[in-house]
Amino acid sequence: MGAIDAFTNAFSLVLRNKRLYLLVLVMSLMMAPLGAYLIPSDIGYEYNQTSMQKGNVIIEEYGTPIGEDEMGMIMELLKGLAIYSVIAIIVGAIFEYGVTKGIFMYIKGKEYSLTGILMDGLRHFPGVILINFVYGLIMIVFIALAAIPIALGAALMPAGIVLVFLGLLLVLFVLAFTVGLSALAIPFYVDRGSIGAAFEAFGVAFRNVISTTGFGVLLGVGVVAIMMVASPIAFVTQMALPENIAPYVSAFLQAPFDALLYLFLWVAGVAFYKEIQRMEELKKVDEELRELGIEV
């Protein structure tokens, strides 16, 4: 029930904090043209067919050999992607801390200014980047370990089909758990005020495996739902408009949905953090009552 309560409360917090949505929308609108400029939506390529005759046999070779022009385009794409990623990580970290701080202040009944929470984010964004990086590595390691049965089953096919199936279930379970775990990291950091506190999330997550996994599943469903609404807009825009302006228009049209997605993820993390705290306190009360010989 803790996962469902947190997920439901996240929607309520989003609706009651429209100012924070506007703040995140500014971020999305700011990043939209930058992403469209630095990351081309497609790379032109030339399809080649080469014929060669050996005796009475004609051999045709099909392919897209990479020349200097194509390699230059790929390098430009990688360069743009790298620049955009660095900017997006820094800007995202600033806004993530600021929005998380704003939600905590709202829950505590305190007033906050958008400028004030952004300045807090500016001061603390290196910690957010570090924490997200470490948790990203942890997620990769956990999923890689969970995928070992799939590799073993694939090597033992067809007898290993059961092992592959069990491995897929394990990967999905671990993915959901690590998503729920990662959602707790920044709320711990913001609320406790130290980077070390972010790793306390491991303790509470492993003590509440079912709730953490359930919350990860619900979070994934919410993300997919928002993306399903935004995707047709991008597709129609790319099809209907000229290539030179379609990426920019598409990016601006998707910005409100991107803002909603980011805000939902950050708010949901705080909602789950508060819910998991409540569950931990209830467990402590139950233990104290049992020590007194009172059965709950």
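Please treat every number below as a calculation from the coordinates, not as lab data. Model, not experiment: these values are computed from the prediction. Neighbour counts are summed over all protein chains in view; Cβ atoms, including those assigned to glycine, are modelled from backbone coordinates with ideal geometry.
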Checklist entry - How far is it, in nm, from the label point at residue 8 to the one at residue 156 when both lie 7 Å from their Cα along the line to the Cβ? => result 4.4 nm
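May I ask you to compute the full-extension gain from residue 29 to residue 138, defined as 0.36 nm times their residue separation minus their alpha-carbon distance, rounded to one decimal in nm? Walk me through the intermediate numbers first.
Working: separation 109, 0.36 × 109 = 39.24 nm, distance 3.11 nm.
Extra length from residue 29 to residue 138 when fully extended: 36.1 nm.
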Checklist entry - Pairs 101/283; 101/274; 110/283: which are spaced more than 22 Å apart, C-alpha to C-alpha? => result 101/283; 110/283
Checklist entry - Among 244, 17, 132, which one moves the most in a GNM of the chain with springs linking Cα atoms closer than 10 Å? => result 244
Next on the checklist: Within the chain, which whole H helices from DSSP have a Cα span along their axis of at least 15 Å and a mean Kyte-Doolittle hydropathy of 1.6 or more, if any?
Outcome noted: 114-146, 161-192, 209-240
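Say R0 is 30 Å: what FRET efficiency, to the nearest 0.05, do residue 86 and residue 191 get from their beta-carbon distance? The partial results should precede the final answer.
On the way: r = 28 Å, r/R0 = 0.93.
Efficiency, rounded to the nearest 0.05: 0.60.
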Item to check | Pair residue 200, residue 285: separation of 7 Å Cα→Cβ label points (nm) | outcome: 2.0 nm
Next on the checklist: I'm checking a number: the convex hull volume of the Cα atoms of region 189-296, normalised per residue, in Å³. What is it?
Outcome noted: 129 Å³
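Tell me the volume per residue, in Å³, of the convex hull enclosing the alpha carbons of region 222-261.
Working: hull volume 1.8 nm³, N = 40.
Spelled out: Cα convex hull of region 222-261, divided by residues, is 46 Å³.
Evaluate the relative contact order of the chain (contact order divided by residue number), counting alpha-carbon pairs under 8 angstrom at least 6 apart; express in whole percent.
Details: 325 pairs, mean separation 85.0, N = 296.
Relative contact order comes out at 29 percent.
Quote the FRET efficiency, to the nearest 0.05, computed for residue 16 versus residue 145 with a Förster distance R0 of 35 Å and r equal to the Cβ-Cβ distance.
Working: r = 40 Å, r/R0 = 1.14.
Approximately 0.30, to the nearest 0.05.
Translational D (Stokes-Einstein, µm²/s) of the chain at 20 °C and 1.002 mPa s when Rh comes from the Kirkwood sum over C-alpha pairs? List each step's numbers first, then the result.
Numbers: Rh = 22.4 Å.
Calculated translational D: 96 µm²/s.
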